[in-house]
1. Tally the DSSP beta bridges in chain A and give the antiparallel ones as a percent, rounded to 5.
2. Just report the Cα centroid separation between region A:105-152 and region B:202-224, whole Å.
3. Please rank B:290, B:171, fewest neighbouring Cβ atoms within 10 Å first, as an exposure proxy.
4. Taking R0 as 22 Å, what FRET efficiency do you get between residue B:292 and residue B:351 from their Cβ-Cβ distance, rounded to the nearest 0.05?
5. Please give, to one decimal in nm, the separation of the simple spin-label points placed at residue A:98 and residue B:343, each 7 Å out from Cα toward the Cβ.
6. 222 nm [θ] for chain B, helices only, -39500 (n - 2.57) per DSSP H run of 4+, per residue, to 500?
7. Could you work out how much longer the chain between residue B:101 and residue B:72 gets when fully extended? Use 0.36 nm per residue separation minus the Cα distance between them, nm to one decimal.
8. What FRET efficiency do you get for residue B:11 and residue A:115 if R0 is 56 Å and r is their Cβ-Cβ distance, rounded to the nearest 0.05?
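Readers should treat all values here as calculations from the given coordinates under stated rules, not as data from a laboratory. Small disclaimer: the values here were computed from a predicted structure and weren't measured. Counting neighbours? That spans all protein chains shown, and the Cβs are built from the backbone with ideal geometry, glycine included.
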């Protein structure tokens, strides 16, 4: 599934995103964020973050939406002194995305570190979390547990 | 191929006042004295360091090291490949000798990490994963979570890796942590990244190690040559969707090494593997074919990988107890095999050790390692 993102600008915020072209408002719901990544039409292959060129055929990829939801494949809570001004503790996970065949690494909601489980359903959010490489507050994507932690 | 005629490791640990260069020179001198050959015959130098540029703003350190050893004018190659920096330098050195470029190659790895600026190791400041909170312990912790989920590996089995490591390190005067720890103590130490506690994570260290390699013809004139049967360097597959509970890069690299050496895992007498975290050692058992996938936890708990067991792993204490000065590690692992194959390992000697394997991996990208090295040695 691909989404045309030309009409889906990022929300206006004071802080810059931690990186460009990794999330945007969902085309279907402006209140909801989705991940962005690369797609090669010839190889039907996705990448996150976007690879400029397809690793298989080396054609240019295009930026597409990767959807909002996924399932936790694995996770951990990092309890030692965190990098990049992240909260202590903070949680990270590999997420199997629902809409495209990608397993991505991402932050989880640091407010939910006690409830995480493999197989739990999650949805993307974006918020001010930590600082970037030049010490500025910045926006980072993170997944939140769905209330019912449903499997897809 | 080539042979190893000299080996040296300096004690790993906190070494305030010692520089990357001074530790490297000590190790290099040690390897040269061990081989007892003329310095002027060294035709090429390889130097490994991973963090000097980041922590101290240093670069091309190898030329400083080899100049201090009185080895100027020769080709000097600096290598950085994360935790395999040292074993990558070794890989290049044996290739150089096998190609007939030189009769003697000196390989040195040195790292200084015990400084406040270090922080948690990551795989590059500008990688998106790093920017989203990926630090090395987190990557291995997620492997542990998935391994436990898929195979029923237990926290006690993870801790058993450290119990074994400390016990074996007590027999190695160069190791950093030599005090025994129980499973309860290991599990009660502070959580670093769930489920890995502090005692399940290798300590940072300052340290250096060196090896002197020789052509077959040159080594034939000496009596202490250890044969290099395989030396393999690979990089990750980075396939989506990466299976983080079974390390394809491990098994793929091992297959190449076994084929090159003409042996199988059943022929090994000793393994030194990259046990940066307890789960890593368990997964490397499986990747190296010491047991079937998913059975690594049971293997360590059975005692099969302890000294005196079916296939001793990390007799030196490994990264978990010897310490992990990144660029020295891969060379120190090979140096341990050299000692064992010479039957000079003292109280940790593996009886009748004839064939050993050293495994190292470094860096992280998309749920895979960036580099993996395997070396097989025999006498």
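1. Details: 36 of 39 bridges.
Taking every DSSP beta bridge within chain A, about 90 percent pair in antiparallel fashion.
2. A separation of 47 Å, based on Cα centres.
3. B:171, B:290
4. 0.25
5. Here the answer is 6.7 nm between the modelled labels.
6. -11000 deg cm²/dmol
7. Values: separation 29, 0.36 × 29 = 10.44 nm, distance 1.72 nm.
Working it through step by step, the gained length comes to 8.7 nm.
8. 0.80
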